[in-house]
1. What is the angle, in °, between the Cα long axis of helix 27-37 and the longest principal axis of the Cα atoms in the chain? Nearest 10 is fine, range 0 to 90.
2. Using DSSP to call loops (not H, G, I, E or B), can you name the chymotrypsin sites (Phe, Trp or Tyr not before Pro) in region 90-139 whose Cβ has at most 14 other Cβ atoms within 10 angstrom?
3. For a protection proxy built on the mean count of beta-carbon atoms within 10 angstrom, sort 82-94, 53-65, 120-132 highest first, please.
Amino acid sequence: MKRLLVALAAVACMAAASDPAERLPDPVQEAKAREIFRDVRCMVCQNESIDDSDADLAQDLRRLVREQVAAGRSEAQIKAYLTDRYGEFVLLTPSFSAGNLALWIGPFLVLLVGGGLLFARLRNRTPDAELSQEEADKLARISRDQGL
């Protein structure tokens, strides 16, 4: 049991490890910066937050966020600054907007319209017409001549 606790503590320390020289002296500001880190995407790794990434760009972004926090900016102001500079892709959870709504609803609308068109097409389909006596005789003659 003791080994398990030691292993868990070591993992927790490694997860929280960062260069102490980079950290803000105020623990409240550092906690605020770390919270923002979790919602900012590493532009190199793309599926990791800058809090989890070891890329140089992530380190630069962490430094930038810490500078903004130290300057007294709010989380919304910092995220607005980052999105102005890097685009909305920098946020792991994008904001709600008409463009994002279209991206999320668009595929469902395409499926719905496609299903409606398919249903209408199948519903309005005319049944296969039967052959007239003349066509049936001609088909029989062709089949007989071909040896079918």
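1. That helix lies at roughly 20 degrees to the long axis.
2. Working: sites: Phe96, Trp104, Phe108, Phe119; in loops: Phe96.
Passing sites in region 90-139 are Phe96.
3. Values: 82-94: 13.8, 53-65: 17.2, 120-132: 7.7.
Result, highest mean Cβ count within 10 Å first: 53-65, 82-94, 120-132.
No lab work stands behind these numbers, since they all come straight from the coordinates. Keep in mind the model is a prediction, meaning the values are calculated, not measured. Reconstructed Cβ throughout: ideal geometry from the backbone, glycine too, with neighbour counts over all protein chains shown.
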